[in-house]
Structures are given as C-alpha cells and as structure tokens.
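Take a look at the structure set out below.
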Amino acid sequence: MITKLKYARSRQAIALAAALMSVSGVLTAAESAAPPEPPKGWETTAAAAVTLTRGNSETFLGTLSLDTKRKWETDEVSFGLSGGYGDNKVNGATTKNTEFLQGYGQYNHLFTERFYGALRLDGQYDGIAGINYRFKVSPMVGYYLIKNEKMTLAAEAGPALIYEKLSGQSAHGYWAARFAERFEYKLTATTKVWESLEYLPQVDDWSKNYLLNFEAGIDTSISKQWSLRVVFQDQYASEPATGRKQNDMRLLAGTAFKF
C-alpha cells in the first residue's frame, strides 16, 4: 500500500513538472514572438512669447524658438533655433530694443551608459548687443553625473574655437576652453524644470575675456501637447562690443507646443 502511494505521488510530481515546463515554454515563446519596443522618434517643441502694450507706452516683444532631439541606443542628437524682436514707440519714433537670432546643434556618442564624446556648433546674431555674428565649434567629452527617469545632470568640458565680428571691431577668432553643465528634473508627470550654465574663457587671457551663459526654466503641461513655460536667460561677455554693456538678461513667459 505504501509502495503504491509513493508511486502515485511520483506520478503526480512528474505530471506537475511537465505542466510547469510546458507553461514556461509557452511564455518564453510568447516573449520571443512579441515585437521589440520601437525606438523613440524625434521630440520637437515650438515655443512663443509675446508682450504688447498700448496707451501711454507702445511696446512690442515677440520671441520664437524651436527645439528638437532624438536618442538612440548609443547616440543623441539635438538642435535648436530661437529669435526675437522688440521695439518701443515714443512720440512717433520707433526704437528697437530686442533683435536676436541664435541656433545650435549637438551630437553625443555614448561610450558607456554615462560617458560620451560630443561635438557642438553654435551661431549667434544680436543687433542690440552689437554681435554681428559669433560662431563656436566645440569638441568635448561629457559625463552624466545623474541619469534616471526623473533627473539628469551632465557635465561637459573641451576646447572651443570662437570666431566673431562685433560692432566697432574687426572680425577675429580665438581658442577658448568650454565648461558646461545641464540639469533637468521632472517635478511631476506634467511639470519639469531645467537649468544650464556655460563658461568659455579665452585660453591665453582667462581673466579678461570670457563668455558666461545661463538659463533656467519651468514648463508645465495644460494638455497632452500644449504647455506654459517661463524661461530666464542671462548672457555675459567680459569684453562686449564697443559702447555695449556686458550683461544681457531676458525673462520670457509664453506657451509651447510639443510635436
């Protein structure tokens, strides 16, 4: 009787193991047959801000920007273009107080999950600051100090070739060092904040000639595609164009559309 009971239990154990193996095989086959998650496409955002006054003063300020980026397994690409125009009318005479156009492109190649090499190109025109043109070419290395779903913090460093033409000066070029960082944090599922800082001192004149660019912003969604944002920008040049001030600050409040 005991022998028969042991035999029955053995048969049950063998049957249970076979069933588990069959289920495991079915699940494995299903996972293999499932299509891989498609890579993300281009993420593009267009933003606009407008300020208009009428009455005792007549002023206009409008800015537009377009940013796009895409990430692959080991590569990252981003491009951006922005421009603005503003004027002030007094006694029938119109005076421009804002006139700029700038753009950038950056390519990152990741050697590890966090360490990457990069190439960045920048172009800038600012009629009020007396920048007829300024171009920057910056090969560099970077590292993600923080990189997760909610937060990223990257630091970059490398040489930069700057070629510019300032009002009242002849065109010239010089070598600079570039040190930069960028931080982004998702406060909630619909709100993010970001901050970036870029320091470019001339390599043979660190204390006298340098550029310092800072930006901070907040963006909160009001629908799947529309959002409201506020951005603060500060651009400092220790040696500005003739007759111009060193510091230029902007506070932009407007709306953005995500494609």
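Taken together, the values in this text are just the output of simple stated rules run on the coordinates, not laboratory data. Every value quoted in this text rests on a predicted model; they were computed, and no experiment measured them. Positions of Cβ are backbone-derived with ideal geometry, glycine not excepted, and every protein chain shown enters the neighbour counts.
A straight chain from SER223 to ASP87 at 0.36 nm per residue would run longer than the Cα-Cα distance by 45.7 nm.
Computed over neighbours whose Cβ is under 14 Å from that of GLN225, the net charge equals +1, Lys and Arg +1, Asp and Glu -1. Model label points for THR190 and TYR174, set 7 angstrom from Cα along the Cα-to-Cβ axis, are 4.9 nm apart. Using C-alpha pairs below 8 Å separated by at least 6 residues, the relative contact order for the stretch 43-258 is 13 percent. Around the amide H of GLU239, modelled in the peptide plane, lie the amide H atoms of TYR210, all under 5 Å away and 5 or more residues distant in sequence or on another chain. Using θ = phi - 60° in the Karplus curve 6.51 cos²θ - 1.76 cosθ + 1.60, the 3J(HN,Hα) couplings for the stretch 79-91 round to 9, x, 9, 9, x, x, 9, x, 8, 9, 10, 10, 6 Hz; x is entered for Gly and Pro. Classify the stretch 43-258 as rounded, prolate or oblate, taking a ≥ b ≥ c as the square roots of the eigenvalues of its Cα gyration tensor: rounded when a/c is under 1.5, otherwise prolate if a/b is larger than b/c and oblate if not. Taking the square roots of the gyration eigenvalues as a ≥ b ≥ c, the stretch 43-258 is oblate. Sequentially through the stretch 219-229, phi angles give Karplus couplings (6.51, -1.76, 1.60; θ = phi - 60°) of 9, 10, 7, 10, 7, 4, 10, 8, 8, 10, 9 Hz, Gly and Pro residues having no value and appearing as x. For the stretch 149-160, putting each phi into the Karplus relation 6.51 cos²θ - 1.76 cosθ + 1.60 with θ = phi - 60° gives couplings of 4, 9, 9, 9, 9, 10, 10, 9, 7, x, x, 9 Hz, in residue order, rounded to whole numbers and with x for Gly and Pro.
Backbone N atoms of the stretch 215-259 closer than 15 Å to the 7 Å Cα→Cβ label point of THR59 belong to residues 249-253. From the Cα gyration tensor of the stretch 136-259, with a ≥ b ≥ c the square roots of its eigenvalues, which class applies: rounded if a/c is under 1.5, or else prolate if a/b is larger than b/c, or else oblate? Cα axes put the stretch 136-259 in the oblate bin.
Scanning residues 5 or more positions from VAL203 or on other chains, those with amide H under 5 Å from its amide H are TRP175, ALA176, ALA177, with H placed 1.01 Å from N in the peptide plane.
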